[in-house]
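Below is one structure; the comments refer to it alone.
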Amino acid sequence: MLLLLAAFLAFLARFTWMSGLARWYSADWREWAIDRVSRACSLRGVTCAADWRIHQERMDLVADTASGRVVVTITDLPRWHMLHHSEQETALIDQTRRHMQAVGAIAGYIWLPRGRQVWWQRILLAHQRGDLRVIVGDDLRMSRVICTHHPRLSALRGVLRPRR
């Protein structure tokens, strides 16, 4: 019974934290998000660079994984429309595609760190395919998605020596 109460309180604390994060409108939230994802990825051997500039455009985050480069565009949109994209969402898709082409990325992500999903979006966004995907959630979710392109065996190849 005590374990069930502890789990419920942990869930409630996380929900309260994420709700507060969604209402956070500080000027430095983007830098905070980039810092958190970069730290989480560096623990898994993925190097991240923030604020790249190519052709007068600024890329939020570029990660070098074992499979290739990954581009992340961060936005403060609270929701992502699945069926009918707004002008801002269409512009974000075009911008991320340009960034992917500029650096030769294997994948691109549009990340909504302060976004919220309804139940059917969780199902549809979880089963996205292709080289451009939308990620809604916290920094741990984004770092896990980036690190899927960097398997542990590939990360260890530089450390392990071949047998003689």
The condition from (1) farther than 22 Å from SER38 by Cα; (2) within 17 Å of the chain's Cα centre (by Cα); (3) open to solvent by 10 Å² or more (accessible area, probe 1.4 Å); (4) at pLDDT below 90 that GLU89 misses is numbered (3)
Which of the residues belonging to the stretch 41-55 are part of a strand (DSSP E or B), open to solvent by 50 Å² or more (accessible area, probe 1.4 Å) and touching a residue at least 40 places away in the same chain (Cβ under 8 Å)?
TRP52
Quick test of your reading of the structure: TRP32 fulfils all but one of (1) open to solvent by less than 20 Å² (accessible area, probe 1.4 Å); (2) of a type outside the set (Gly, Ala, Ser); (3) over 20 Å from LEU132 (Cα atoms). Name the failing condition by number.
(1)
Counting only residues in the stretch 126-149 that are farther than 21 Å from ASP64 by Cβ and open to solvent by less than 40 Å² (accessible area, probe 1.4 Å), the one modelled with the lowest pLDDT is identified as GLN128
Within the stretch 94-123, the residues that are open to solvent by less than 40 Å² (accessible area, probe 1.4 Å) and more than 20 Å from SER143 (Cβ to Cβ) are GLN121
Just to be sure, is ILE74 in contact (Cβ under 8 Å) with a residue 40 or more places away in the chain and either open to solvent by less than 70 Å² (accessible area, probe 1.4 Å) or under 16 Å from the mean Cα position of the chain (by Cα) (or both)?
yes
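The values are calculated or read from the model by the stated rules, or taken from the named source; none is laboratory data. Quick caveat, the model's predicted, so the values are computed rather than measured. All Cβ positions, glycine included, derive from the backbone under ideal geometry; neighbour counts span all protein chains shown. Note: accessible area is taken over every heavy atom of the protein model, side chains too, but ligands, DNA and RNA are not part of it. Shrake-Rupley method; radii C 1.70, N 1.55, O 1.52, S 1.80 Å.
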